[in-house]
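Read through the structure below, which is laid out as structure tokens, and then see the notes.
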Amino acid sequence: MNRAFIIGIAGQDGSYLAESLLEKGYEVSGIIRRNSIVEHQRNRVSHLKDVKMEYGDLNDPSSLDRALRLYRPTEIYNLGAQSHVRISFDVPQFTVQVNALGVLNILEAYRQVVPEARFYQASSSEMFGNSVDDDLFQRATTPMNPISPYGCAKVFGYHIVKLYRSSYGLHASNGILFNHESPRRGSNFVTNKVVKTAVQIKLKKTNILELGNLDSQRDWGHSWDYVRAMHLILQQEKPDDWVVSTGETRSVRQLCEYVFRRLDLNYEDYVVQNPKYLRPNELDYLRGDSSRIRKELGWKPKYTFESMMDEMIEYWITYFENNVEE
Ligand code: F7E
């Protein structure tokens, strides 16, 4: 019996991964963090009745140890993080505790309790900072020069996973994932913020969208496609590090153009810049070379940028038809 244990199961990726593993016949368990609003803890996973969840935290090693002893997983997915890059400048110590030391905590628990299991670490394109190869792509060999507390912590996580792999012979792999979105994305990330507010503008609930830097470029894929890559990575005989991306890049401005146009609006009439959303240091450009995972593991995204954004637009239209939000 395959047993998956997901840290961050209540997040965007964790919820899609749990769904897809249940479909494959896995037993799925995970930990969630305590939140004062109980509905917020489980709203992405409340429809998954077969998932077993315990309270736990990457910063509480005893909770990790206890959960691994209870569920004895064959696959561990570490998707837990303080995942917002700008907020990592506001809470740098917390971000490093969770995103760096938290990885060490789960690796230690894994090594002690279920060393025969396979381990996936959610590494990030934010680790590259502003490094880019001459052909304008980032890949696993591109130098890592992170420019946010989030990126610095993720570099530690990436290297400690490689170190535990080589030192202890563990089946531990990194997926270096570029931005990935969906209707389940938090609405303080730029894609869902733009879509949600544009739909509100269309419905005359507001008339302004305040953003930070419109010129930064991102390689945006769909979370549902990317969780399939995570699973594939753990099915390989040998652990390794893989880049997962679409290979396309667009600016925040192009994102706004597309979403507003789909709603028959002109983004220039509504979008204003608010310095509050600028970062002390900005990563300007991301475009990932995922040719290796495509060639060697046969992974390929099913969503296009357009079909993903259309799904998100549809989600928010339906949401506002069914909910009154003041
Ligand atoms: O920003 C710009 C912002 O917050 C994207 C996380 O999943 O991907 C994500 O990190 C871009 C940036 O994602 C606003 O400056 C403009 O250039 O959606 P985001 P991110 O920072 O790229 C990586 C791969 C991860 O690993 C992270 O966990 O959009 N931008 N105006 C804005 N961004 C936000 N959030 N809000 C704005 O108002």
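What the table below lists for this structure:
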quantity	calculated
Members of segment 75-92 found to be farther than 18 Å from Gly30 by Cα, within 14 Å of the ligand (Cβ to nearest atom) and not in a loop (DSSP other than H, G, I, E, B), listed by number	Val85, Arg86, Ile87, Ser88, Phe89, Asp90
Qualifying residue in segment 160-172 (condition: within 12 Å of the ligand (Cβ to nearest atom) and open to solvent by less than 10 Å² (accessible area, probe 1.4 Å))	no
Filter pass, Val155 being within 13 Å of the ligand (Cβ to nearest atom) and of a type in the set (Val, Ile, Thr)	yes
Neighbours by Cβ (under 7 Å, 6+ apart or cross-chain): first from segment 42-61, closer than 16 Å to Pro73 by Cα; second at pLDDT 90 or above and part of a loop (DSSP other than H, G, I, E, B)	Val51/Ile9; Met53/Ile9
Conditions (1) free of Cβ contacts under 8 Å to residues at least 60 places away in the same chain; (2) out of contact with any Ser or Thr (no Cβ under 9 Å at 6 or more places or on another chain); (3) of a type in the set (Val, Ile, Thr); number of the one not met by Ile147	(1)
Filtered residues of segment 148-159 (kept if within 11 Å of Thr95 (Cβ to Cβ) and open to solvent by less than 20 Å² (accessible area, probe 1.4 Å))	Ser148, Gly151, Ala153, Lys154
Matching residues in segment 43-74 - criterion: being open to solvent by 80 Å² or more (accessible area, probe 1.4 Å) and in a helix (DSSP H, G or I)	Arg66, Arg69, Leu70
Residues of segment 215-247 satisfying the condition of being surrounded by fewer than 16 Cβ atoms within 10 Å (Cβ to Cβ) and either closer than 25 Å to Phe260 by Cβ or within 10 Å of the ligand (Cβ to nearest atom) (or both)	Asp215
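Each row is one residue, and each column tells you yes or no for (1) within 20 Å of the chain's Cα centre (by Cα); (2) more than 16 Å from the ligand (Cβ to nearest atom).
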site	(1), (2)
Phe94	yes, no
Val98	yes, no
Ala109	no, yes
Phe119	yes, yes
Phe128	yes, no
Arg139	yes, no
Ser187	yes, no
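The values are calculated or read from the model by the stated rules, or taken from the named source; none is laboratory data. Values in this document were obtained by computation on a predicted structure and should not be read as measured data. Note that we place each Cβ from the backbone using ideal geometry, even for glycine, and neighbour counts take in every protein chain shown. Accessible surface areas use protein heavy atoms only, side chains included; no ligands, DNA or RNA. Shrake-Rupley method; radii C 1.70, N 1.55, O 1.52, S 1.80 Å.
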